[in-house]
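Worksheet: one structure, shown below.
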Amino acid sequence: MSVNIAIDGPAGAGKSTVAKNTARALGCIYVDTGAMYRAMALYLLRQGIDPSDTPGIEEACESVDITIDHEEGVQKVLLNGEDVSSLIRTEEVGKMASVSSANGRVREKLTALQKKLAREKDVVMDGRDIGTVVLPDAQVKLYLTADAHVRAERRFKELVERGETPDIGELERDIIERDHRDMTREISPLKRADDAILIDSSALSIDETTERITEIIREKTGLWK
Ligand code: DC
């Protein structure tokens with residue numbers, strides 16, 4: 001049986017960096033499910049489909065092909081064969097992904113792909129519904145969160161390093177709005193699974209968070225001693 005580790009939490013809690021580092025430390029594959037929802041969102045944006053156009057989104061699900069490839073442990077997302085891994089990292093795509101991921105048909109399609117990956121390989125998978133819906137039998141479930149203001153500050157730093165000039169207040173408002181949308185949607189809302197371990201990274205560095213998580217996984221699975 002493959003080893004499945006689930007990490008859920010709100011936007012900007014540091015999930016992807018920590019999950020990527022943890023997967024590397026444990027020799028697992030890192031699966032970023034948010035990237036799949038973002039690839040779907042990029043497709044919808046390119047097609048000019050409105051987030052409120054449910055039949056349009058459902059039709060798009062039939063014609064779009066989203067796949068994942070790993071190169072030296074690093075995930076690549078392919079949208080109809082095109083590597084869109086860097087194109088999906090914009091605020092516009094993130095916002096669209098948060099809206100279009102509420103669609104049941106979108107979730108059905110991407111959840112099936114995620115379950116298949118986890119059956120075939122040892123994975124550290126991050127997202128919003130991994131411990132609750134995608135991998136309810138994961139050996140370890142973690143819920144990683146941080147204060148909204150701290151998350152906005154982290155995002156601010158990231159964007160400044162990229163040469164952008166963001167507004168911290170706007171970033172914080174966007175984060176709060178995204179949390180609300182992800183947590184209150186009808187299908188598979190973001191919530192902590194009953195058996196998930198809660199980690200608040202507000203006062204922790206990325207390295208400290210990774211260390212803590214890796215330790216918990218070692219303890220719980222008895223693997224990688
Ligand atoms: O983690 P992220 O910011 O890349 O995710 C983008 C959006 O995708 C997020 O706002 C909600 C959605 N998402 C989801 O609904 N379920 C997941 N498992 C992962 C992401």
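Taking first residues from the range 75-102 that are surrounded by fewer than 17 Cβ atoms within 10 Å (Cβ to Cβ) and partners that are in a loop (DSSP other than H, G, I, E, B), the Cβ contacts under 8 Å between residues at least 6 apart in sequence or on separate chains come to K76/S85; L78/D65; L78/V84; N80/V64; N80/D65; G81/D65. Taking the range 162-182 as the range and being in contact (Cβ under 8 Å) with a residue 40 or more places away in the chain and in contact with a Leu (Cβ under 7 Å, 6 or more places away or on another chain) as the test, only D182 passes. Only one of the listed residues (I88, I68) is in contact with a strand residue (DSSP E or B) (Cβ under 9 Å, 6 or more places away or on another chain), within 15 Å of the ligand (Cβ to nearest atom) and at pLDDT below 95. That residue is I68.
Determine, yes or no, whether G34 is near the ligand (Cβ under 10 Å from one of its atoms) and touching a residue at least 40 places away in the same chain (Cβ under 8 Å). Full working, then the answer.
Working: near the ligand (Cβ under 10 Å from one of its atoms): yes; touching a residue at least 40 places away in the same chain (Cβ under 8 Å): yes.
Yes: the conditions hold for G34.
Would you confirm whether or not the range 8-26 contains a residue that is more than 18 Å from T214 (Cβ to Cβ) and either exposed (fewer than 14 other Cβ atoms within 10 Å of the Cβ) or more than 13 Å from the ligand (Cβ to nearest atom) (or both)? Scanning the range 8-26 turns up no residue that is more than 18 Å from T214 (Cβ to Cβ) and either exposed (fewer than 14 other Cβ atoms within 10 Å of the Cβ) or more than 13 Å from the ligand (Cβ to nearest atom) (or both). Number of residues in the range 173-225 that are more than 23 Å from E108 (Cα to Cα), among the charged types (D, E, K, R) and part of a loop (DSSP other than H, G, I, E, B): the value is 2. Looking at the range 149-158, can you tell me whether even one residue there is of a type in the set (V, I, T) and either without any contact (Cβ under 8 Å) to a residue 60 or more places away in the chain or within 28 Å of D65 (Cα to Cα) (or both)? Yes.
Cβ separations smaller than 6 Å between residues 6+ apart or across chains give no pair from the range 183-202 residues that are polar (S, T, N, Q) and within 12 Å of the ligand (Cβ to nearest atom) to residues that are modelled with pLDDT under 95 and assigned to a strand (DSSP E or B).
Kindly indicate the residue of the range 155-182 that is basic (K, R) and within 13 Å of the ligand (Cβ to nearest atom) and also nearest to the chain's Cα centre (by Cα) among those meeting that condition. Among those residues, the one meeting the criterion is R178.
Looking at the range 189-211, which of its residues are surrounded by fewer than 19 Cβ atoms within 10 Å (Cβ to Cβ) and either of a type in the set (V, I, T) or more than 18 Å from G12 (Cα to Cα) (or both)? Result: D194, D195, I197, I206, E211.
Quick one: in the range 91-129, of everything that is within 11 Å of the ligand (Cβ to nearest atom) and among the acidic types (D, E), which residue is nearest to T33 (Cα to Cα)? Only one residue tops the list, namely D126.
The values are calculated or read from the model by the stated rules, or taken from the named source; none is laboratory data. Everything numeric here is computed off the predicted structure, so don't read it as measured data. All Cβ positions, even for glycine, are placed from backbone atoms using ideal geometry, and neighbour counts span all protein chains on display.
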